[in-house]
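The values are calculated or read from the model by the stated rules, or taken from the named source; none is laboratory data. Predicted model, so just to flag it, every value in this text is computed and none were measured. Quick reminder, even Gly has a Cβ in these numbers, built from the backbone with ideal geometry, and neighbours come from all protein chains shown. The accessibility values were calculated without ligands, DNA or RNA, using every heavy atom of the protein model including side chains. Shrake-Rupley method; radii C 1.70, N 1.55, O 1.52, S 1.80 Å.
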Amino acid sequence: GGADDLPPAEGGAEDFAFVLPEGWTDAGARSMRAVNLALGSEGQCYVIELGGDAGGLLPNINRWRGEVGLDPIDEVGMAQLQRVPVLGTEVPLFEGVGSYQGMGGPEGEDRMVLGVCVIRDTTSLFVKLVAPASEAEAERDNFLAFLASLEEL
């Protein structure tokens, strides 16, 4: 539900440049995913571009929280999240561990989701990593480096 139901903005992997972290592979085009990467045993990292503000920052963070069984947070809770650089701005880093049920990525127990939302007027970008928790934790620095390297062409 939520942003996953919105029509994707025009775009694809040719619209982005990035540094592929060591051990990650390009998993090929997939519906809605502008960039689609594989890592670890079954981990995925992908970029989705949607039109408009895609519902806003907090609702999307809370949607991700719900995917791993966490309760929603408010603006105060969101303000306490670590901020990370991506595409020339700094955005809150979502980190959640739990039983994952979502639109993409390996479902199951003890999954970790790392994600950022870059909400803008015309297009919004979602970058999400889903993997077994121990692997995602090990790939956290790679995820942050991938975010920092991401460029729109």
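Observations on the structure shown:
- When the test is whether a residue is hydrophobic (A, V, I, L, M, F, W, C), assigned to a strand (DSSP E or B) and modelled with pLDDT under 95, residue 34 passes it.
- Residues located in region 51-93, provided they are free of Cβ contacts under 8 Å to residues at least 60 places away in the same chain and under 25 Å from residue 153 (Cα atoms): 55, 83, 88, 89, 90, 91, 92, 93
- Taking the criterion of being crowded, with 17+ Cβ neighbours inside 10 Å and either assigned to a helix (DSSP H, G or I) or not polar (S, T, N, Q) (or both), the residues of region 41-53 that qualify are 43, 45, 46, 47, 48, 49, 50, 53.
- In region 79-95, residue least open to solvent (accessible area, probe 1.4 Å) [restricted to those that are assigned to a strand (DSSP E or B) and not hydrophobic (A, V, I, L, M, F, W, C)]: 92
- Exactly one residue out of 56, 11, 23, 52 is at positive phi and modelled with pLDDT of 95 or more, and it is 23.
- Scanning region 96-153 for residues that are touching a residue at least 40 places away in the same chain (Cβ under 8 Å), hydroxyl-bearing (Ser, Thr, Tyr) and not in a strand (DSSP E or B) gives 122, 149.
- So residue 140, is it basic (Lys, Arg) and either at pLDDT below 95 or touching a Lys or Arg at 6+ places or on another chain (Cβ under 6 Å) (or both): no
- Summed over region 54-78, the residues that are in contact with a strand residue (DSSP E or B) (Cβ under 8 Å, 6 or more places away or on another chain) and either part of a helix (DSSP H, G or I) or open to solvent by 80 Å² or more (accessible area, probe 1.4 Å) (or both) give a count of 7.
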